[in-house]
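So the structure is just underneath, and the comments pick up after that.
The values are calculated or read from the model by the stated rules, or taken from the named source; none is laboratory data. What you see is a predicted model; the values in this text were computed from it and never measured. Using ideal geometry, Cβ is built from the backbone for each residue, glycine included, and neighbour counts are taken over all protein chains shown. Just so you know, the surface numbers come from the protein's heavy atoms only, side chains and all, with ligands and any DNA or RNA stripped out. Shrake-Rupley method; radii C 1.70, N 1.55, O 1.52, S 1.80 Å.
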Amino acid sequence: MSPNTPSAAPHDPYAALRIPDFRRYVTARALFSVATQIQGVVVSWQIFKLTNDPLALGLIGLAEAIPSITVSLYAGHVADSVRRKRIVVPAVLVLVLCAFTLWWLAHPLQAALLDRGRLNITALHATVVWPLYLVIFISGIARGFLSPALFAFMPQLLPDRTALPNAITWSSTTWQASAVLGPAIGGLLLTYISIEFAYGVDSVLEVLALLFFVSIASRELPPIEGERLGLAESITSGIKFIFSNQLVLAALSLDMFAVLFGGAVALLPFFAANVLHSPGSFGSLRAAPAVGSVLMAVFLTFSPLKKGAGRKMLWAVGGFGAATVAFALSTNIYLSLFLLFLTGVFDAVSVIVRSTLVHTYTPEYMKGRVSAVNSIFIGSSNEIGSFESGATAKAMGTIPSVVFGGIMTMVIVGFTAWRADKLRTLEMGAGKK
């Protein structure tokens, strides 16, 4: 290199965190994520204890996915038509009210757990279980509007696109860190204090998250390029955009099917109690994937993926499927924890590559609509995957169903590697193709 040639600026791993509104954003997301993870642990444990049915655990995901999918495309249109903060704050407020409702229901739920032997199954579901599903259903509607608004709002908090990859990684890191803390806190509160107190902590954290979101300055909508579309065209434009871009479509499809078939999280109460014979390990099992994810995300914050990013994503999703199969066959608590940890490590690579691709290739004025399709592909596939896990566990047994899911994930990776040549040869930072 010539002495007069300018050297590349050194990578700043804290670039996004130096922006005040982005710090408020990730703090709000962290608080909100911890709260919802606590809530998820408590709800799933309650329903399992009340029903002792893996299908009932799967129905938790379905109760949230159906309303979320139903409103997603319209919610994406709204996120590109209204200032994003005006969507985020009301949606989080609804979720705060749902959290307080669960706290209010906690006492009769606890009584039902104690009196379970004296209640017939019909009365149990009518008075206790279905109210839980109803609250989850309402929260699914709010999440359907919140997800595309948050996705589209985050890049607007940055002064320019140079900090975007770092912001995506920090956003993923804080979310994964919250996913470590949430299940651990939820499990400890359930074990050593009470269900009511756990829901109380969930409610307080969601209120704090709401206050941080309120403190972020609102932003004008990005200028629209081209002609304004009618409602129907606007709603479907996100789908058309994704299906016209092989890279984005392949990354979303790969992640969607991996989550749909490969996830065993919904069945962890069953594995803790009946396979590993350690009911008290449920919180640790739930946290293990997130521990792996956050450590990998922190590593990628300081050493961003560039060379061979597409191939690494394919190998990571394949590894996720293999670790899932091994977890299903394990009867040792320590091996199971390590294998779940590995699923989190592999998942972090996939999540960061996918998020970076969607943010990089999507115009700012379309991010709400594209994110809505992303939510259907990825976000709702978590919940549908929970239902799929519960349904296949009911039909073919819990362990065979998880083995089947992991194998299907690896098959899908092979098919994607064969068909999606642009993803296979992707180099991050190489620019749009």
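Somewhere in the stretch 208-217, is a residue loosely packed, with under 14 Cβ neighbours inside 10 Å and more than 27 Å from residue 106 (Cβ to Cβ)?
yes
Restricting to the stretch 39-55, name every residue that is surrounded by fewer than 19 Cβ atoms within 10 Å (Cβ to Cβ) and part of a helix (DSSP H, G or I).
49, 51, 55
Among helices (runs of 4 or more DSSP H) lying entirely in the stretch 158-276, which contain 2 or more residues that are within 27 Å of residue 410 (Cα to Cα) and of a type in the set (Gly, Ala, Ser)?
Counting at least 2 such residues, we get 164-192, 246-262.
Hey, does the stretch 220-230 have a residue that's surrounded by fewer than 17 Cβ atoms within 10 Å (Cβ to Cβ), small (Gly, Ala, Ser) and without any contact (Cβ under 8 Å) to a residue 12 or more places away in the chain?
Checked the stretch 220-230: at least one residue is surrounded by fewer than 17 Cβ atoms within 10 Å (Cβ to Cβ), small (Gly, Ala, Ser) and without any contact (Cβ under 8 Å) to a residue 12 or more places away in the chain.
In the stretch 161-181, which residues are crowded, with 18+ Cβ neighbours inside 10 Å and without any contact (Cβ under 8 Å) to a residue 12 or more places away in the chain?
Within the stretch 161-181, none qualify.
Please state which of the following conditions residue 193 fails to meet, knowing it meets all the rest: (1) more than 29 Å from residue 376 (Cα to Cα); (2) at pLDDT 80 or above; (3) hydrophobic (A, V, I, L, M, F, W, C); (4) open to solvent by less than 30 Å² (accessible area, probe 1.4 Å).
(4) is the only condition that residue 193 fails.
Among (1) open to solvent by 40 Å² or more (accessible area, probe 1.4 Å); (2) closer than 29 Å to residue 344 by Cα; (3) modelled with pLDDT under 85, there is one condition residue 119 misses while meeting the rest; what is its number?
(2)
In this structure, is residue 285 hydrophobic (A, V, I, L, M, F, W, C), open to solvent by less than 20 Å² (accessible area, probe 1.4 Å) and on the phi < 0 side of the Ramachandran plot? First the steps, then the outcome.
Numbers: hydrophobic (A, V, I, L, M, F, W, C): yes; open to solvent by less than 20 Å² (accessible area, probe 1.4 Å): yes; on the phi < 0 side of the Ramachandran plot: yes.
So residue 285 passes the test.
Exactly one of these conditions fails for residue 47: (1) at pLDDT 85 or above; (2) closer than 21 Å to residue 184 by Cβ. Give me its number.
Checking residue 47 against (1) at pLDDT 85 or above; (2) closer than 21 Å to residue 184 by Cβ, the one that fails is (1).
Condition first: in a helix (DSSP H, G or I), at pLDDT 85 or above and either open to solvent by 50 Å² or more (accessible area, probe 1.4 Å) or among the aromatic types (Phe, Trp, Tyr) (or both). Now tell me which residues in the stretch 68-97 satisfy that.
70, 74, 86, 90, 93, 94, 97 - these are the residues of the stretch 68-97 that are in a helix (DSSP H, G or I), at pLDDT 85 or above and either open to solvent by 50 Å² or more (accessible area, probe 1.4 Å) or among the aromatic types (Phe, Trp, Tyr) (or both).
Among residues belonging to the stretch 405-420 that are modelled with pLDDT under 85 and touching a helix residue (DSSP H, G or I) at 6+ places or on another chain (Cβ under 8 Å), point out the one that is farthest from residue 249 (Cα to Cα).
Checking each candidate, the answer is 405.
Are any of the residues in the stretch 98-112 within 21 Å of the chain's Cα centre (by Cα), modelled with pLDDT of 80 or more and either farther than 18 Å from residue 195 by Cα or open to solvent by 50 Å² or more (accessible area, probe 1.4 Å) (or both)?
Looking through the stretch 98-112, none of the residues is within 21 Å of the chain's Cα centre (by Cα), modelled with pLDDT of 80 or more and either farther than 18 Å from residue 195 by Cα or open to solvent by 50 Å² or more (accessible area, probe 1.4 Å) (or both).
Which residue pairs have Cβ atoms under 6 Å apart, sit 6 or more places apart or on different chains, and have a first residue in the stretch 182-197 that is without any contact (Cβ under 8 Å) to a residue 60 or more places away in the chain and a second that is open to solvent by less than 100 Å² (accessible area, probe 1.4 Å) and of a type in the set (A, V, I, L, M, F, W, C)?
197/189
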